[in-house]
1. Give me the distance between the Cα centres of the range 298-376 and the range 60-139, rounded to whole Å.
2. Using alpha carbons only, how many degrees (0 to 90, rounded to 10) separate the axis of helix 240-249 from the longest principal axis of the chain?
3. What is the magnitude of the charge dipole of the chain about its Cα centre, with +1 placed on the Cβ of each Lys and Arg, -1 on the Cβ of each Asp and Glu, and no other charges, expressed in debye to the nearest 20?
4. At a probe radius of 1.4 Å, what is the per-residue accessible area of R403, in Å² to the nearest 10?
5. Using just the helices of the chain, give the 222 nm mean residue ellipticity in deg cm²/dmol: DSSP H runs with n ≥ 4 each add -39,500 (n - 2.57), and the total is spread over all residues, rounded to 500.
6. Relative to the longest principal axis of the chain, what angle (0 to 90°, nearest 10) does the C-alpha long axis of helix 141-169 take?
7. Please identify the longest segment of the chain free of exposed GluC sites (Glu not before Pro), where exposed means a DSSP state other than H, G, I, E or B and no more than 16 other Cβ atoms within 10 Å.
8. Please report the carbon-and-sulfur percent of the accessible area for the chain; probe 1.4 Å, protein heavy atoms only, DNA, RNA and ligands left out.
Amino acid sequence: MRGTELFGALRERQFRLLWLGQTTSTLGDGLVPVALAFAVIKTLDGTPTELGLVLAAETVPLVLFVLVGGVWADRLPRQMVMLVSDVIRGAVQATAAVLLLSGTAEIWHLAVLFAIYGTADAFFQPAATGLVPATVSPQRLQQANALLGLSRSSAFVAGPAIAGVVAAVANPGTVFVVDAVTFAVSATSLALLRLPRGRRQGERHSFFADLKGGWHELVSHTWLWVIVVWASTFLCIVIAPFLTLGPVIAEQSLGGPVAWGMIAAGFGAGSLCGGFLALRWKPERPMLVCSLLSLCIAPAMALLALRAPALLIAVAQVAGGLGMGFFGAVWQTTLQQHVPEESLSRVSAWDWMGSFAFLPLGLILAGPVSDAIGISTTLWISVGYLIVSTLAVLLVPSVRNLRRLDEPEPTPEAALPALTGEPLEVFHG
């Protein structure tokens, strides 16, 4: 594929607007995880358990409300749902900034604010999954998802490192000011989108009927619900201990916020590589390849358990980030290709709910469990579970054998909307 065509999706006006807004917003988001961790642990003298509670406060509403968000994203204009969510999340970050910079913040303040953030996020994510195919021509769909992934990855390369320095020398509240501004930019780009109307005409059903319809669509694809179930345990048993215990190890043994920022940036750099890989490679068996690449998370987890030097952990994180960066782009594309457009946000909502269902439990329990059996032992359990569970997923035939759908070749007609600025009509099914 020619270099210019790698970024061909950006020639299409609607996707270009979406990409610009989301890129700006994710730049701010990339700063937040490290800043939040050290706002709790360092600025507010919190414990690992309290950090887990704040992180869980964001995730619990996401799990509780994402199905509601999915139904409404299939009923209302998706860009409107996303725009309102951006406004709310921007206001949350601005409030957190004021509290931290004024020295009046408490743990419960952050927990409440991030609960509101998680609720708004529950509406944004299913709508975003459904909106992307409406902004780009079908043959560029994986490319569009890869470009959005590259934006996220780029943000999480520079963001954690910058946030680590800020958290070490200044008030983490500064980071939240920046994130609030980026949400305003994202909301503006969404407001400028001009998308076709009337794409989801049909019989109106009750809320619960729509919810049930999304469930039936989910369970009709074995590969889909198997990966969602696996993801729920993966986030709970593997990712939650890493997020909760990693900053503690960094503070105790690796050099503090700067070290943890470098480790997080390593993951972002790997995700960047994974996004570039997704621009070029469309595997014939997408879920087989993605499942195998998830094993790349294991080395960094093991090195963290060993309290290896931060630089070595950061290098290992590059491999994990590559696997997850590629997984994200290919997963979104596979979902968007195999699920009918009129059900896409609801199925995406079930995906989000299922994937995050047990993450709050993992975040809350990681601290107490590590107190009982030790931080390193907890992380070694995570490594073992990652390997065993991934191999179990690969035993499912529909995961191993799912084939990539053929895509139409680009045509002059497909490129025309990119030149005129007219909206694209995209069909799936």
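1. Each part's Cα centre sits 20 Å from the other's.
2. Helix 240-249 and the main axis of the chain meet at about 40 degrees.
3. Numbers: 24 positive and 26 negative charges, 126 e Å.
Using only the charged Cβ atoms, the result is roughly 600 debye.
4. 120
5. On the way: 20 runs with 321 residues, N = 429.
The helix-only estimate for the chain comes to -25000 deg cm²/dmol at 222 nm.
6. 20
7. Values: sites that count: E106, E203, E284, E425.
My reading of the result: 285-424 is the longest stretch.
8. Details: 11760 of 16770 Å².
The computed percentage sits at 70.
The values are calculated or read from the model by the stated rules, or taken from the named source; none is laboratory data. Predicted, not measured: the structure shown is a model, and the values here were computed from it. Cβ: placed from backbone, ideal geometry, glycine included. Neighbour counts: every protein chain shown. Just the protein is used for accessible areas: all its heavy atoms, side chains included, with ligands, DNA and RNA removed. Shrake-Rupley method; radii C 1.70, N 1.55, O 1.52, S 1.80 Å.
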